[in-house]
Amino acid sequence: MSVTSPAAPNPVAEVPEPKSPILTAPLTNSFDYTRSLGPVLSQFALALRDGRIIGSRGSDGKVAVPPVEFDPVTGAQSTEFVEVSAVGTVTTWTWNPEPVPGQPLDKPFAWALIRLDGADTTLLHAISVGSPDEMSTGMRVHAVFGAARIGRIDDIAHFAPGEEPATAPANTAEAPKGADTGLLVIPTPVSTEIIHSANEEESVYLEGLKAGKLIGTRIGSGVDAGRVYFPPRGVSPADGSPAVERVELAHTGIVTTFCIVNVPFQGQRIKPPYVAAYVLLDGADIPFLHLILDIEAAEVRMGMRVKAVWLPEDEWEHSIGNISHFAPTGEPDAEYETYKDHL
């Protein structure tokens with residue numbers, strides 16, 4: 001007698017085809033990391049600005065380039081700095097046939113470990129040659145400095161074949177912060193680029209913004225039954241219940257909670273003080289964050305009625321930035337009981 005086991009359920013959930021066009025667009029996330037170099041690496045950076053290269057001499061007599069902040073033998077802070085040659089020897093290398101943005105060269109080049117004359121360690125950098133056939137371990141190369149030098153390793157634009165050092169051009173860059181004290185603070189750009197694909201609800205939301213509309217979704221069942229989300233969601237984040245309809249919302253609402261921004265920061269577009277607030281649009285059940293302007297920061301309050309202030313229509317994009325800010329409507333404040341459950 002044979003027993004047939006029931007078929008295992010398919011572990012892959014079926015995803016229905018979207019009913020609305022899906023938007024995609026390039027997305028760049030960038031952040032300039034500001035770094036304080038400290039007393040050792042600042043010396044290295046200042047030398048690069050001058051078109052020179054220095055290392056640190058350890059208690060064992062070995063010279064490290066770039067300099068190490070602490071002696072690898074004793075652990076003491078490095079204090080002895082030694083200028084080394086801008087000419088050196090390739091100890092190992094690899095070919096980069098397809099450079100990407102942000103790398104030292106925009107044409108194929110070699111990455112190499114280079115031991116500069118006078119150093120005991122190697123430095124990683126790019127070597128500009130026409131093909132890998134021109135590269136070899138043991139070849140002699142020299143540093144080629146850029147004209148605008150702020151104290152970063154890319155002040156050396158690249159290395160090139162040859163024994164003769166190249167004279168660094170006059171520096172065209174302004175001195176970085178801390179150059180006068182010998183303790184540099186320099187920016188290091190960090191970024192990544194992707195192609196972002198919006199989901200269906202996000203696409204509808206963005207298309208609505210492009211048309212000057214605020215589109216939310218109503219959840220049909222479960223914990224969030226009847227609630228309207230803005231920005232819209234395809235399902236309830238509480239229990240996964242699906243949205244059953246899209247809702248066009250009013251351009252007015254209530255300030256629920258807010259923060260007065262008093263501290264300046266890098267990249268800030270508005271001079272402090274100003275207010276960032278959660279705005280509950282009329283007809284929505286979830287507040288969202290935006291700016292409150294056209295009023296003194298100290299006068300903003302919970303329950304204040306506000307309206308969306310849009311950019312000129314010819315500047316509208318697929319972005320919540322189409323709304324410049326929210327401003328007071330002049331209407332009486334909402335009673336606390338009407339929004340207390342939305343804080």
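The values are calculated or read from the model by the stated rules, or taken from the named source; none is laboratory data. Quantities reported herein were computed from a predicted structural model and do not represent experimental measurements. We place every Cβ from the backbone using ideal geometry, glycine too, and count neighbours over all the protein chains shown. The accessibility values were calculated without ligands, DNA or RNA, using every heavy atom of the protein model including side chains. Shrake-Rupley method; radii C 1.70, N 1.55, O 1.52, S 1.80 Å.
If the segment from Glu69 to Ala327 were pulled out straight at 0.36 nm per residue, it would be longer than the present Cα-Cα gap by 87.6 nm. Helix-only arithmetic for the chain: the sum of -39500 (n - 2.57) across DSSP H runs with n ≥ 4, divided by the residue total, places the mean residue ellipticity at 222 nm at -2000 deg cm²/dmol. Accessible area per residue for the stretch 158-199, computed on protein heavy atoms with a 1.4 Å probe, is 67 Å². Working ranking of peptides 48-56, 22-30, 262-270, 184-192 by packing, defined as the average number of other Cβ atoms within 10 Å per residue, highest first, is 48-56, 184-192, 22-30, 262-270.
Taking Cα atoms only, the orientation of helix 200-210 departs from the longest principal axis of the chain by about 90 degrees. Using C-alpha pairs below 8 Å separated by at least 6 residues, the relative contact order for the stretch 285-343 is 43 percent. Where [x] 25.9; [y] 22.1; [z] 21.2 are the candidate values, the label of the one calculated here for Kirkwood radius over Cα pairs in Å is [x]. Close Lys pairs in the chain, defined as Cα atoms under 27 Å apart and 8 or more places apart or on different chains, number 8. Overall, the accessible surface of the chain at a probe of 1.4 angstrom is composed of carbon and sulfur to the extent of 54 percent.
Relative contact order of the stretch 16-67: 23 percent, from C-alpha pairs under 8 Å at least 6 residues apart in sequence.
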